Amino acid sequence: MTTAPAPSHGTEPPSLWVQRWAHLVPTGATVLDIACGQGRHMRWFAGRGHAVVGVDRSPDAVAAVADLGQAVLADIESGPWPLAGRRFGGVIVTNYLWRPLLPTIVASVAPGGILIYETFATGNETVGKPSRPDFLLRPGELLDACEGLQVVAYENGFTDPPARFVQRIAAVRRVGDATAVRDRLYPG
(Lines give C-alpha, C1' and ligand atoms only; values in the text may rest on other atoms or scores of the structure.)
Protein backbone atom coordinates (compact mmCIF):
# COMPACT_ATOMS: atom_id res chain seq x y z
CA MET A 1 0.00 0.00 0.00
CA THR A 2 1.39 3.40 -0.99
CA THR A 3 0.59 6.47 1.05
CA ALA A 4 0.57 9.94 -0.36
CA PRO A 5 3.37 12.18 0.86
CA ALA A 6 2.43 14.76 3.46
CA PRO A 7 1.99 18.25 2.06
CA SER A 8 4.98 20.52 2.55
CA HIS A 9 4.76 23.05 5.36
CA GLY A 10 2.49 25.92 4.44
CA THR A 11 0.79 24.12 1.56
CA GLU A 12 -1.48 21.90 3.65
CA PRO A 13 -5.23 22.61 3.66
CA PRO A 14 -6.48 25.57 5.67
CA SER A 15 -6.84 25.05 9.39
CA LEU A 16 -10.18 23.52 10.34
CA TRP A 17 -10.42 26.12 13.12
CA VAL A 18 -10.01 28.94 10.60
CA GLN A 19 -12.58 27.35 8.30
CA ARG A 20 -15.02 26.88 11.17
CA TRP A 21 -15.07 30.56 12.13
CA ALA A 22 -14.40 32.21 8.75
CA HIS A 23 -18.10 32.92 8.26
CA LEU A 24 -17.72 35.66 10.88
CA VAL A 25 -15.42 37.68 8.63
CA PRO A 26 -17.67 40.45 7.29
CA THR A 27 -18.61 40.11 3.62
CA GLY A 28 -16.07 41.91 1.46
CA ALA A 29 -13.71 42.61 4.37
CA THR A 30 -9.95 42.42 3.93
CA VAL A 31 -8.26 39.52 5.71
CA LEU A 32 -4.76 39.77 7.20
CA ASP A 33 -2.69 36.60 7.52
CA ILE A 34 0.17 37.10 9.97
CA ALA A 35 3.26 34.94 9.37
CA CYS A 36 1.46 33.81 6.22
CA GLY A 37 4.06 31.32 5.03
CA GLN A 38 3.12 29.80 1.68
CA GLY A 39 -0.34 31.39 1.90
CA ARG A 40 -2.71 28.52 2.61
CA HIS A 41 -5.15 30.85 4.41
CA MET A 42 -4.65 33.73 1.99
CA ARG A 43 -5.54 31.41 -0.90
CA TRP A 44 -8.58 30.11 0.91
CA PHE A 45 -9.95 33.58 1.75
CA ALA A 46 -9.10 35.01 -1.69
CA GLY A 47 -11.04 32.12 -3.19
CA ARG A 48 -14.04 33.28 -1.17
CA GLY A 49 -13.87 36.81 -2.51
CA HIS A 50 -11.90 38.56 0.21
CA ALA A 51 -9.03 40.93 -0.43
CA VAL A 52 -6.03 39.51 1.40
CA VAL A 53 -2.87 40.84 2.97
CA GLY A 54 -0.06 38.57 4.09
CA VAL A 55 3.01 39.45 6.11
CA ASP A 56 6.05 37.23 6.51
CA ARG A 57 9.79 37.64 7.00
CA SER A 58 10.68 35.10 4.33
CA PRO A 59 11.27 36.47 0.82
CA ASP A 60 10.26 33.05 -0.56
CA ALA A 61 6.96 33.15 1.31
CA VAL A 62 6.20 36.68 0.15
CA ALA A 63 7.01 35.73 -3.44
CA ALA A 64 4.69 32.71 -3.15
CA VAL A 65 1.70 34.89 -2.16
CA ALA A 66 2.39 38.01 -4.23
CA ASP A 67 -0.24 37.05 -6.82
CA LEU A 68 -2.98 36.72 -4.17
CA GLY A 69 -3.07 40.25 -2.79
CA GLN A 70 -0.80 42.53 -0.82
CA ALA A 71 2.33 40.66 0.25
CA VAL A 72 4.45 42.41 2.87
CA LEU A 73 8.05 41.40 3.56
CA ALA A 74 8.83 42.34 7.16
CA ASP A 75 10.57 40.96 10.22
CA ILE A 76 7.73 41.62 12.66
CA GLU A 77 9.80 40.40 15.60
CA SER A 78 12.75 42.75 15.12
CA GLY A 79 11.38 45.64 13.10
CA PRO A 80 8.39 47.96 13.25
CA TRP A 81 4.89 46.71 12.56
CA PRO A 82 4.52 47.30 8.81
CA LEU A 83 0.76 47.83 8.86
CA ALA A 84 0.55 50.51 11.55
CA GLY A 85 -2.86 52.10 11.78
CA ARG A 86 -4.58 49.54 9.54
CA ARG A 87 -7.46 47.38 10.71
CA PHE A 88 -8.87 44.27 9.08
CA GLY A 89 -12.19 42.45 9.01
CA GLY A 90 -10.34 39.20 9.61
CA VAL A 91 -6.99 38.64 11.30
CA ILE A 92 -5.65 35.10 10.99
CA VAL A 93 -2.73 33.66 12.96
CA THR A 94 -1.78 29.98 12.95
CA ASN A 95 1.28 28.21 14.31
CA TYR A 96 2.96 31.47 15.26
CA LEU A 97 3.63 33.20 18.57
CA TRP A 98 5.55 36.37 19.34
CA ARG A 99 4.17 37.66 22.63
CA PRO A 100 5.23 41.31 22.20
CA LEU A 101 3.06 41.42 19.06
CA LEU A 102 -0.16 40.19 20.73
CA PRO A 103 -1.51 43.71 21.54
CA THR A 104 -0.81 44.82 17.95
CA ILE A 105 -2.56 41.75 16.57
CA VAL A 106 -5.66 42.42 18.67
CA ALA A 107 -5.60 46.14 17.76
CA SER A 108 -5.56 45.16 14.06
CA VAL A 109 -9.09 43.76 14.27
CA ALA A 110 -11.58 46.27 12.81
CA PRO A 111 -14.93 46.96 14.46
CA GLY A 112 -17.15 44.04 13.48
CA GLY A 113 -14.08 42.00 12.52
CA ILE A 114 -12.74 38.77 13.94
CA LEU A 115 -9.44 37.41 15.20
CA ILE A 116 -8.99 33.70 14.48
CA TYR A 117 -5.87 32.47 16.25
CA GLU A 118 -4.53 28.94 16.67
CA THR A 119 -1.08 27.94 17.87
CA PHE A 120 0.81 25.56 20.10
CA ALA A 121 0.28 25.50 23.85
CA THR A 122 1.94 24.29 27.00
CA GLY A 123 2.02 20.51 26.97
CA ASN A 124 3.22 20.29 23.38
CA GLU A 125 6.74 19.73 24.69
CA THR A 126 5.56 16.24 25.72
CA VAL A 127 4.60 15.21 22.19
CA GLY A 128 6.96 17.05 19.85
CA LYS A 129 8.01 20.42 18.53
CA PRO A 130 7.80 23.21 19.20
CA SER A 131 8.85 22.46 22.72
CA ARG A 132 10.46 25.70 23.95
CA PRO A 133 8.26 27.71 26.33
CA ASP A 134 8.83 30.81 24.15
CA PHE A 135 6.73 29.14 21.45
CA LEU A 136 3.98 27.68 23.66
CA LEU A 137 0.99 29.61 24.97
CA ARG A 138 0.35 29.36 28.69
CA PRO A 139 -3.15 28.31 29.84
CA GLY A 140 -5.58 31.17 29.23
CA GLU A 141 -2.99 33.36 27.54
CA LEU A 142 -5.08 34.00 24.42
CA LEU A 143 -8.09 34.83 26.58
CA ASP A 144 -6.02 37.43 28.42
CA ALA A 145 -4.62 38.84 25.17
CA CYS A 146 -8.13 39.23 23.73
CA GLU A 147 -9.49 41.29 26.60
CA GLY A 148 -11.74 43.87 24.97
CA LEU A 149 -12.89 41.50 22.24
CA GLN A 150 -15.99 39.31 22.49
CA VAL A 151 -14.86 35.69 22.65
CA VAL A 152 -17.00 33.51 20.41
CA ALA A 153 -15.03 30.28 20.91
CA TYR A 154 -11.97 29.16 22.84
CA GLU A 155 -10.18 25.85 23.18
CA ASN A 156 -7.06 24.81 25.05
CA GLY A 157 -5.82 21.25 25.10
CA PHE A 158 -4.74 18.13 23.27
CA THR A 159 -5.73 17.24 19.70
CA ASP A 160 -5.10 14.04 17.79
CA PRO A 161 -4.27 13.64 14.94
CA PRO A 162 -1.83 15.17 14.77
CA ALA A 163 -0.83 14.75 18.38
CA ARG A 164 -0.29 18.26 19.69
CA PHE A 165 -1.39 20.71 22.34
CA VAL A 166 -3.03 23.85 21.00
CA GLN A 167 -4.81 26.97 22.10
CA ARG A 168 -7.41 28.51 19.79
CA ILE A 169 -9.64 31.54 19.92
CA ALA A 170 -12.21 33.21 17.74
CA ALA A 171 -12.99 36.70 19.04
CA VAL A 172 -14.82 39.65 17.49
CA ARG A 173 -14.57 43.37 18.01
CA ARG A 174 -18.06 44.60 18.79
CA VAL A 175 -19.77 47.31 16.78
CA GLY A 176 -22.22 49.49 18.66
CA ASP A 177 -25.02 47.22 19.81
CA ALA A 178 -23.30 44.09 18.40
CA THR A 179 -26.16 43.49 15.93
CA ALA A 180 -23.79 42.83 13.02
CA VAL A 181 -21.93 40.15 14.96
CA ARG A 182 -25.15 38.57 16.23
CA ASP A 183 -26.55 38.42 12.70
CA ARG A 184 -23.43 36.60 11.48
CA LEU A 185 -23.55 34.17 14.40
CA TYR A 186 -27.26 33.47 14.02
CA PRO A 187 -28.29 34.15 10.42
CA GLY A 188 -31.95 34.12 9.44
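The values are calculated or read from the model by the stated rules, or taken from the named source; none is laboratory data. These numbers come from a predicted model, not from an experiment. Virtual Cβ from ideal backbone geometry, glycine too; neighbours counted across all protein chains shown.
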task: Tally the residues that are touching a residue at least 24 places away in the same chain (Cβ under 8 Å), not hydroxyl-bearing (Ser, Thr, Tyr) and not in a loop (DSSP other than H, G, I, E, B), restricting the search to region 113-133.
output: 8
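Results for (1) of a type in the set (Asp, Glu); (2) modelled with pLDDT of 90 or more; (3) assigned to a loop (DSSP other than H, G, I, E, B), shown as yes or no for each residue.
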site: 148; (1), (2), (3): no, yes, yes
site: 154; (1), (2), (3): no, yes, no
site: 158; (1), (2), (3): no, yes, no
site: 162; (1), (2), (3): no, no, yes
site: 169; (1), (2), (3): no, yes, no
site: 176; (1), (2), (3): no, no, yes
site: 182; (1), (2), (3): no, no, no
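From the list 68, 73, 97, pick out the single residue that is touching a Pro at 6+ places or on another chain (Cβ under 7 Å) and on the phi < 0 side of the Ramachandran plot.
Residue meeting the stated conditions: 73.
Across region 13-67, what is the number of residues that are hydroxyl-bearing (Ser, Thr, Tyr) and in contact with an Asp or Glu (Cβ under 8 Å, 6 or more places away or on another chain)? Reasoning before the result, please.
Applying the first criterion (hydroxyl-bearing (Ser, Thr, Tyr)) to region 13-67 yields 15, 27, 30, 58.
If we keep only those that are in contact with an Asp or Glu (Cβ under 8 Å, 6 or more places away or on another chain) too, we end up with 15.
Qualifying residue count, region 13-67: 1.
Listed here are the residues, each with its yes/no results for (1) surrounded by fewer than 16 Cβ atoms within 10 Å (Cβ to Cβ); (2) assigned to a helix (DSSP H, G or I).
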| residue | (1), (2) |
| --- | --- |
| 33 | no, no |
| 42 | no, yes |
| 49 | yes, no |
| 54 | no, no |
| 67 | yes, no |
| 89 | no, no |
| 93 | no, no |
